[in-house]
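Peer 1: My structure is below; once you've seen it, I'll send some questions.
The values are calculated or read from the model by the stated rules, or taken from the named source; none is laboratory data. For clarity, every value in this text was computed on a predicted model and none was experimentally measured. Positions of Cβ are backbone-derived with ideal geometry, glycine not excepted, and every protein chain shown enters the neighbour counts. Surface accessibility is based on the protein's heavy atoms, side chains included, excluding ligands, DNA and RNA. Shrake-Rupley method; radii C 1.70, N 1.55, O 1.52, S 1.80 Å.
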2 protein chains.
Amino acid sequence: MQIAILLFERFTALDAVGPYDVLSHLPGAEVVFVAEQPGPVVNEIGSLRLVAEAGLGDVLRPDLVVVPGGPGQNAHMDDGPVLEWLLAVDAHTTWTTSVCTGSLLLAAAGLLAGRRATTHWLAIEQLAPLGAHPVEDQRVVVDGKYVTAAGVSAGLDMALDLAGRIAGDPVAQAIQLGLEYDPRPPYQAGSPRTAPREIVDNLRSRRLTILT
Amino acid sequence: MQIAILLFERFTALDAVGPYDVLSHLPGAEVVFVAEQPGPVVNEIGSLRLVAEAGLGDVLRPDLVVVPGGPGQNAHMDDGPVLEWLLAVDAHTTWTTSVCTGSLLLAAAGLLAGRRATTHWLAIEQLAPLGAHPVEDQRVVVDGKYVTAAGVSAGLDMALDLAGRIAGDPVAQAIQLGLEYDPRPPYQAGSPRTAPREIVDNLRSRRLTILT
């Protein structure tokens, strides 16, 4: 099973590495990081570089695609090699998935038309104009073979969900135990429904800076 | 505030990237990945390479150090440049921290002598012989300036805890909301105390393969 994780400049590192460290433990999984050009790809902050081992043309038939988010997603929303690649590989995938604003790329490629999907809570309004049905109260949304996760850390929950669907519950549970994923956030601030109102309002007011 | 994240061959990617994507959002934070030699560093699985921008000799006075775990930690438990660097920079840090089996490196450097600490649940027996007091039932253990996290994903909880201590609760909460860290694991299998018995036993029986 080949798993392709897309990288692009100014991606969010955890969007890619969370699912990676789950899915790479699936039996028979071969994970490849892919970008327009092979080589180091810089993240949104500028201090992290993850190496893409393959260019888009080197990965033609992945079984599973993961599209991370990050402000760099905006540069690929119009026709171009990234959307072309997504369309082409999706014709053969078993699962086409995204984390955070990665779902906006899937939607821009036309892959989420009429489908239920999610994205980072700050970007949820951008799904409907791209033809998808936004779902606000789920961290992981499954519609057929399209699986979209909410912001950043939701990629971990999505990948474990996928691991169970692909390899069965015991395999997914063993991966979760290996990652000791028994989360205990020190605050109840991970969702706009639970975070203090002023924190939510502040992030909303900085929405454009965060997303672009 | 300079934050140095140590990389070594066969590290666990999420151990490093989880804390990175929290701490890099702290006001004034400058994060640098550091390894024995600058350049790409391969993870435990072999399909991920993260770039170390600096060599050990380039980072002499970080304010905060994060040591990830992964089976590659074993290669650095005896005297050598990694332990020497940890000892040298620890003399000046405000916080010296680890995720997963990274705490074994801190302990091997003598930094956890007589201190409470944790590590991946499969490695917890290795702390006492190195002079630390193992704590089994906490994801994040703070003893003075030494902060150790349990396995892999516990680095996220540790980094949010640290963010609050360093910059105050509202900053940490805003980071948590930005990462939409409102975890909903699909299984209750993230700890040996909650996972199905046969899954725990199976991982225990493969302990040496997983840890080395």
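Peer 1: Please list, by residue number, every one of the GluC sites (Glu not before Pro) in segment B:106-192 that is coil in DSSP and has at most 15 other beta-carbon atoms within 10 Å.
Peer 2: Details: sites: B:E125, B:E136, B:E180; in loops: B:E136, B:E180.
Hits after loop and neighbour filter: B:E136.
Peer 1: Give me a single rounded figure for B:48-60: the average over its residues of other chain Cβ atoms within 10 Å of their Cβ.
Peer 2: Values: counts 11, 7, 7, 8, 1, 3, 0, 0, 0, 0, 0, 0, 0.
Neighbouring Cβ atoms belonging to other protein chains average 3 per residue here.
Peer 1: Multiplying the sequence separation of A:D79 and A:R61 by 0.36 nm and subtracting their Cα-Cα distance, what value in nm do you get? Write out the running numbers ahead of the final one.
Peer 2: Numbers: separation 18, 0.36 × 18 = 6.48 nm, distance 2.06 nm.
Answer, rounded to one decimal: 4.4 nm.
Peer 1: Moving to a separate point now. Within segment A:120-212, report the chymotrypsin sites (Phe, Trp or Tyr not before Pro) that DSSP leaves as loop and that have at most 16 other Cβ atoms within 10 Å.
Peer 2: Working: sites: A:W121, A:Y146, A:Y181, A:Y187; in loops: A:Y181, A:Y187.
Taking segment A:120-212 and a limit of 16 other Cβ atoms within 10 Å, no loop chymotrypsin sites (Phe, Trp or Tyr not before Pro) are found.
Peer 1: Additional query: Only bridges with both residues in segment B:37-150 count here: give the DSSP antiparallel percent, nearest 5.
Peer 2: On the way: 8 of 17 bridges.
Given both bridge residues lie in segment B:37-150, the antiparallel proportion sits at roughly 45 percent.
Peer 1: Oh, and also: Using alpha-carbon positions, what is the distance between the centroids of segment A:24-60 and segment B:77-99, in Å?
Peer 2: Cα centroid to Cα centroid, the span is 30 Å.
Peer 1: Report, to the nearest whole %, how much of the accessible area of the protein assembly as shown belongs to carbon and sulfur atoms, 1.4 Å probe, protein only.
Peer 2: Values: 7330 of 15090 Å².
Taking all protein chains in place, the protein assembly as shown shows 49 percent carbon and sulfur surface.
Peer 1: For chain B, set up a GNM with springs between Cα atoms under 10 Å and report which of B:G190, B:G55, B:G110 has the largest fluctuation.
Peer 2: Answer for the Gaussian network model of chain B: B:G190.
Peer 1: Also: Explain nothing, just the number: dipole magnitude of segment B:2-187 about its Cα centre with +1 on each Lys and Arg Cβ and -1 on each Asp and Glu Cβ, in debye rounded to the nearest 20.
Peer 2: Here the size comes out at about 160 debye.
Peer 1: Could you work out the mean count of beta carbons from other protein chains within 10 Å of each residue's beta carbon in A:198-207? Walk me through the intermediate numbers first.
Peer 2: Numbers: counts 3, 10, 3, 0, 4, 4, 0, 0, 2, 0.
Taking the mean over all residues of the peptide, I get 3.
Peer 1: Output ³J(HN,Hα) for segment A:19-28: one whole-Hz value per residue in order, computed from phi by the Karplus curve 6.51 cos²θ - 1.76 cosθ + 1.60 with θ = phi - 60°, and x for Gly and Pro.
Peer 2: x, 4, 6, 8, 5, 5, 8, 5, x, x
Peer 1: In nm, one decimal, shortest first: how far is the label point of A:Q2 (7 Å from Cα along Cα to beta carbon) from the matching points in the other copies?
Peer 2: From this label point to the equivalent ones elsewhere in the assembly: 4.3 nm.
Peer 1: Add -39500 (n - 2.57) for each DSSP H run of 4 or more in chain A, then divide by its residues: what number comes out at 222 nm, to the nearest 500 deg cm²/dmol?
Peer 2: Numbers: 7 runs with 66 residues, N = 212.
Value at 222 nm, helices only, nearest 500: -9000 deg cm²/dmol.
Peer 1: What percent do you get for the relative contact order of chain A when only Cα pairs under 8 Å and 6+ apart count?
Peer 2: On the way: 434 pairs, mean separation 39.6, N = 212.
Once divided by the residue count of chain A, the mean separation gives 19 percent.
Peer 1: Sticking with this structure for a sec: Test of understanding: given chain A, find the longest segment containing no trypsin sites (Lys or Arg not before Pro) that are in a DSSP loop and have at most 15 other Cβ atoms within 10 Å.
Peer 2: Working: sites that count: A:K145, A:R193, A:R206.
Longest stretch, sites excluded: A:1-144.
Peer 1: How many angstrom separate the Cα center of segment A:138-173 from the Cα center of segment B:187-203?
Peer 2: 19
Peer 1: Any idea what the B:P81 label distances to the other copies are, label 7 Å down the Cα→Cβ vector, nm, shortest first?
Peer 2: The answer, with the shortest distance listed first, is 3.4 nm.
Peer 1: Mind checking B:132-142 for the average number of partner chain beta-carbons within 10 Å of each residue's beta-carbon? Working shown, then result.
Peer 2: On the way: counts 0, 0, 0, 0, 0, 0, 1, 6, 2, 0, 0.
Taking the mean over all residues of the peptide, I get 1.
Peer 1: Explain nothing, just the number: dipole magnitude of the protein assembly as shown about its Cα centre with +1 on each Lys and Arg Cβ and -1 on each Asp and Glu Cβ, in debye rounded to the nearest 20. Could you put the intermediate results ahead of the total?
Peer 2: Numbers: 28 positive and 48 negative charges, 144 e Å.
Charge dipole, the protein assembly as shown, about its Cα centre: 700 debye, nearest 20.
Peer 1: Something else about it: Whole-Hz ³J(HN,Hα) for each residue in segment B:110-119, computed from phi via Karplus 6.51 cos²θ - 1.76 cosθ + 1.60 with θ = phi - 60°, x for glycine and proline: what do you get?
Peer 2: Residue by residue, segment B:110-119 yields x, 7, 10, 4, x, 9, 6, 7, 9, 6 Hz.
Peer 1: How high is the FRET efficiency from B:Q138 to A:Q188, r the C-beta distance, R0 25 Å, rounded to 0.05?
Peer 2: Values: r = 19 Å, r/R0 = 0.75.
Step by step, r from the Cβ atoms, then E = 0.85.
Peer 1: Quick check: pseudo-label points 7 Å beyond the Cα along Cα→Cβ at B:A128 and B:D169, how many nm apart are they?
Peer 2: Those two pseudo-labels are separated by 3.7 nm.
Peer 1: Of B:A52, B:S191, B:L111, whose Cα points farthest to the positive end of the dipole of the protein assembly as shown (charges on the beta-carbon: +1 Lys, Arg; -1 Asp, Glu; origin at the Cα centre)?
Peer 2: B:S191
Peer 1: If the chain between B:Q37 and B:T94 were fully stretched, how many nm would it gain, using 0.36 nm times the residue separation less the Cα-Cα distance? Mind showing how you got there, number by number?
Peer 2: On the way: separation 57, 0.36 × 57 = 20.52 nm, distance 2.46 nm.
Extra length from B:Q37 to B:T94 when fully extended: 18.1 nm.
Peer 1: Once you keep just the Cα pairs under 8 angstrom separated by 6 or more residues, what percentage relative contact order results for segment A:78-180? Write out the running numbers ahead of the final one.
Peer 2: Details: 162 pairs, mean separation 24.2, N = 103.
Relative contact order here is 24 percent.
Peer 1: Follow-up question, since we're still on this one. Going by average Cβ density within 10 Å per residue, which order do the peptides B:35-43, B:171-179, A:93-101, B:87-95 take, highest to lowest? Mind showing how you got there, number by number?
Peer 2: Working: B:35-43: 18.4, B:171-179: 24.6, A:93-101: 26.2, B:87-95: 15.4.
Peptide ranking by packing, descending: A:93-101, B:171-179, B:35-43, B:87-95.
Peer 1: Same structure again: Kindly write out, for segment A:3-16 in residue order, the coupling ³J(HN,Hα) from the Karplus curve 6.51 cos²θ - 1.76 cosθ + 1.60 (θ = phi - 60°), rounded to whole Hz, with x marking Gly and Pro.
Peer 2: Taking θ as phi minus 60°, the curve returns 10, 9, 10, 6, 10, 8, 4, 6, 7, 9, 4, 5, 4, 8 Hz for segment A:3-16.
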